[in-house]
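Okay, so here's the structure we're looking at.
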Amino acid sequence: MQLSLNYKFLILLQSVMAFLALGLNTVLTLLLWLPKSILPLWGQHSIATYFFIFTMSIGFVVGWVATKVTRKALRIGRVLPLHWHLKSQTLIDKLPSKTFNRAFMFSLSGFSMAAILVMLLDTLQLQAIPYLDFMLLSGIYSVCVSVAITSMAVYRALSDNILRHSRI
């Protein structure tokens with residue numbers, strides 16, 4: 001079974017974004033906490049603060065880049081526009097049409113994902129995490145967040161200005 005043009009594009013873009021997010025996450029965690037062996041969950045220089053700031057910023061950047069790359073791919077014909085009507089009232093269709101506003105919404109969704117993760121860690125009563133465990137957790141988390149946001153950004157961008165791209 002052969003993958004469609006859009007799926008190939010989505011998987012390639014997700015892979016690139018996940019690799020970049022993982023690399024950025026690794027560099028930041030090495031710079032911020034390399035000499036420490038145990039990292040606190042709460043506080044100014046803590047896991048919670050890192051997840052909130054990192055996820056908001058990576059959500060914005062990934063949303064911005066994925067939207068721009070998808071729109072360019074639409075213009076040059078590397079992907080095909082989606083043929084659903086924007087009045088289908090799905091949540092993804094409610095995202096703003098302007099790139100900056102949409103990227104800001106992706107950053108807010110990243111904040112929500114970080115809040116869920118931090119609440120789960122707090123529910124497990126983890127007040128501190130060893131550095132290597134945090135590296136593994138934050139690496140997996142950064143890949144998952146970038147893949148999720150890339151998927152939302154690509155699918156919304158594939159339906160941008162659908163009448164301009166489709167042949168009637």
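Inspection of the stretch 44-63 identifies no residue that is at positive phi and more than 21 Å from the chain's Cα centre (by Cα). Reported count of residues in the stretch 117-168, each being closer than 30 Å to Arg71 by Cβ and either outside any helix (DSSP H, G or I) or at pLDDT 90 or above (or both), is 22. Inside the stretch 29-59, residues that are small (Gly, Ala, Ser) and surrounded by 13 or more Cβ atoms within 10 Å (Cβ to Cβ) make up a count of 4.
Modelled with pLDDT of 90 or more and either more than 30 Å from Ile38 (Cβ to Cβ) or not hydrophobic (A, V, I, L, M, F, W, C) (or both) - does that describe any residue in the stretch 84-95?
No, there is no match, as no residue in the stretch 84-95 is modelled with pLDDT of 90 or more and either more than 30 Å from Ile38 (Cβ to Cβ) or not hydrophobic (A, V, I, L, M, F, W, C) (or both).
Listed conditions (1) out of contact with any strand residue (DSSP E or B) (no Cβ under 7 Å at 6 or more places or on another chain); (2) among the aromatic types (Phe, Trp, Tyr); (3) modelled with pLDDT under 95 are all met by Trp33, apart from (1).
Check the stretch 74-81 and report whether any residue there is closer than 16 Å to Tyr141 by Cα, free of Cβ contacts under 8 Å to residues at least 60 places away in the same chain and open to solvent by 50 Å² or more (accessible area, probe 1.4 Å). No.
The values are calculated or read from the model by the stated rules, or taken from the named source; none is laboratory data. Note that the structure is predicted; figures quoted are calculated from it, not measured. In this analysis, Cβ positions are derived from the backbone assuming ideal geometry, glycine residues included, and neighbour counts consider all displayed protein chains. These area figures cover heavy atoms from the full protein model, side chains too; ligands, DNA and RNA do not enter into them. Shrake-Rupley method; radii C 1.70, N 1.55, O 1.52, S 1.80 Å.
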